[in-house]
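Shown next, in structure tokens, is the structure this report addresses.
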Amino acid sequence: MKKSKFRLKINRRPSTKFSKVHYDYLKKYRTKKLLITITQILILVIFLLSWELLTRYEIISSFFFSSPSRILRTIGELYSSGELFYHARITLSETLIGFVIATGIGFLVAFVLWYCDFLRRVLEPYLVVLNSLPKIALGPIIIIWFGAGSKAIIFMCILIIIIVTIMNILNSFTSCDKELIALAKSLGANKLQIFFKLILPNSLKDIVSTLKINVGLSWIGSIMGEYLVSKAGLGYLLIYGGQVFNLNLVMTSTVILCVLASLMYFIIALFEKFMNKIYHS
């Protein structure tokens with residue numbers, strides 16, 4: 001029996017020749033995008049200046065709210081002592097490991113559940129229950145299983161991400177146009193060909209959205225894990241700063257977390273652009 005040859009081209013390369021109307025539209029789009037970026041930067045600058053002035057003129061207490069200048073000073077002190085990169089590296093490594101493992105396993109499980117409809121129907125209620133379970137309640141069990149170290153923190157990170165990843169990606173896989181799938185089957189496509197030619201391209205946007213969600217969840221998981229068992233990391237600095245009422249350290253750790261999370265989100269955004277180029281080529 002001859003092997004089935006299934007070909008289905010979703011998109012073609014767009015023409016490089018633009019009409020004047022299209023050129024004007026692109027110009028307006030770029031101008032609007034630039035305006036949005038400038039506005040975002042202005043909002044941040046105004047917020048930081050307002051924060052600094054309010055604390056400097058003692059309208060709000062710098063003890064409780066810290067200030068941008070105090071945060072910069074604290075960053076300089078942490079850098080000088082070598083603690084800045086030490087604590088940031090520990091939390092970043094735990095977060096990245098948890099993010100990669102949970103996202104990879106979540107994608108594979110979603111694929112298996114999509115491939116086997118019977119298994120999906122059996123396990124779906126359990127996924128819903130596991131997703132609603134408060135993960136912090138498993139903290140003592142995780143410490144007993146993995147000890148008070150990085151393994152427990154990474155596992156907490158995985159636990160928070162994995163169910164959300166499975167449910168989001170599986171929902172995207174199952175939402176593909178049924179008529180297109182029926183057409184592919186009529187052309188002789190098998191299930192794997194349908195997945196790579198139809199399901200995966202159709203789910204690309206949702207997969208990237210899941211990655212963006214996982215960025216935030218991975219940081220939540222690692223910091224939550226560090227709250228439980230850490231002896232180092234940004235979560236440890238947050239706890240220590242709160243215990244000794246050093247709000248400058250607490251706010252500095254929070255700012256560093258925001259910067260690292262933003263960089264991670266930016267990398268995912270670049271990945272999205274890269275995948276869109278491949279998909280539309």
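Miscellaneous remarks
- Which listed residue is modelled with pLDDT of 95 or more, closer than 30 Å to Ile213 by Cα, in a helix (DSSP H, G or I) and open to solvent by 50 Å² or more (accessible area, probe 1.4 Å), from Leu48, Leu92, Leu42: Leu42
- Region 70-81: number of residues that are surrounded by fewer than 12 Cβ atoms within 10 Å (Cβ to Cβ) and in contact (Cβ under 8 Å) with a residue 24 or more places away in the chain: 0
- Of the criteria (1) surrounded by 20 or more Cβ atoms within 10 Å (Cβ to Cβ); (2) on the phi < 0 side of the Ramachandran plot, which one Gly233 fails: (2)
- Residue among Ser203, Ser175, Ser209 that alone is open to solvent by 40 Å² or more (accessible area, probe 1.4 Å), small (Gly, Ala, Ser) and farther than 21 Å from Leu260 by Cβ: Ser175
- Residue in region 178-199 that is outside any helix (DSSP H, G or I) and surrounded by 17 or more Cβ atoms within 10 Å (Cβ to Cβ) present: yes
- Hey, Leu84 open to solvent by less than 60 Å² (accessible area, probe 1.4 Å), assigned to a helix (DSSP H, G or I) and touching a helix residue (DSSP H, G or I) at 6+ places or on another chain (Cβ under 8 Å) or not: yes
- Of the residues in region 212-224, none is surrounded by fewer than 21 Cβ atoms within 10 Å (Cβ to Cβ) and not in a helix (DSSP H, G or I).
- Selection from region 35-73 of residues that are touching a helix residue (DSSP H, G or I) at 6+ places or on another chain (Cβ under 9 Å) and of a type in the set (S, T, N, Q): Thr55, Ser61, Ser62, Ser66, Ser67, Ser69
- Annotation: of all residues in region 133-177 being at pLDDT below 85 and part of a loop (DSSP other than H, G, I, E, B), the one that is farthest from Thr91 (Cα to Cα) is Asp177.
- Subset of region 111-126 (residues that are assigned to a helix (DSSP H, G or I), out of contact with any Lys or Arg (no Cβ under 9 Å at 6 or more places or on another chain) and not hydroxyl-bearing (Ser, Thr, Tyr)): Phe111, Asp117, Phe118, Leu119, Arg120, Arg121, Val122, Leu123, Glu124, Pro125
- Checking each residue in region 132-146 for being in contact (Cβ under 8 Å) with a residue 60 or more places away in the chain and out of contact with any Phe, Trp or Tyr (no Cβ under 6 Å at 6 or more places or on another chain) picks out Lys135, Ile136, Gly139, Ile143.
- Scanning region 67-88 for residues that are touching a Phe, Trp or Tyr at 6+ places or on another chain (Cβ under 9 Å) and among the hydroxyl-bearing types (Ser, Thr, Tyr) gives Ser67, Tyr79.
- If you go through region 100-127 and keep only what is open to solvent by 50 Å² or more (accessible area, probe 1.4 Å), at pLDDT below 90 and closer than 11 Å to Ile166 by Cα, you end up with just Glu124.
- For the residues Ile144, Ile153, Ile158, the requirement of being within 17 Å of Tyr227 (Cα to Cα), loosely packed, with under 14 Cβ neighbours inside 10 Å and either hydrophobic (A, V, I, L, M, F, W, C) or touching an Asp or Glu at 6+ places or on another chain (Cβ under 6 Å) (or both) singles out Ile144.
- Cβ-Cβ contacts under 6 Å between residues 6 or more apart (or on different chains), taken from a first residue in region 219-243 that is free of Cβ contacts under 8 Å to residues at least 24 places away in the same chain to a second residue that is assigned to a helix (DSSP H, G or I), are listed as Tyr227/Gly235; Leu238/Val250; Leu238/Ser253; Gly241/Leu249; Gly241/Val250; Gly242/Val250.
- Among the residues of region 236-247, those that are within 23 Å of the chain's Cα centre (by Cα) and open to solvent by less than 70 Å² (accessible area, probe 1.4 Å) comprise Leu237, Leu238.
The values are calculated or read from the model by the stated rules, or taken from the named source; none is laboratory data. Being a predicted model, the structure only gives us computed values, none of them experimental. Here the Cβ is made from the backbone with ideal geometry for all residues, glycine too, and neighbour counts use every protein chain on show. With ligands, DNA and RNA removed, areas are computed over all heavy atoms of the protein, side chains included. Shrake-Rupley method; radii C 1.70, N 1.55, O 1.52, S 1.80 Å.
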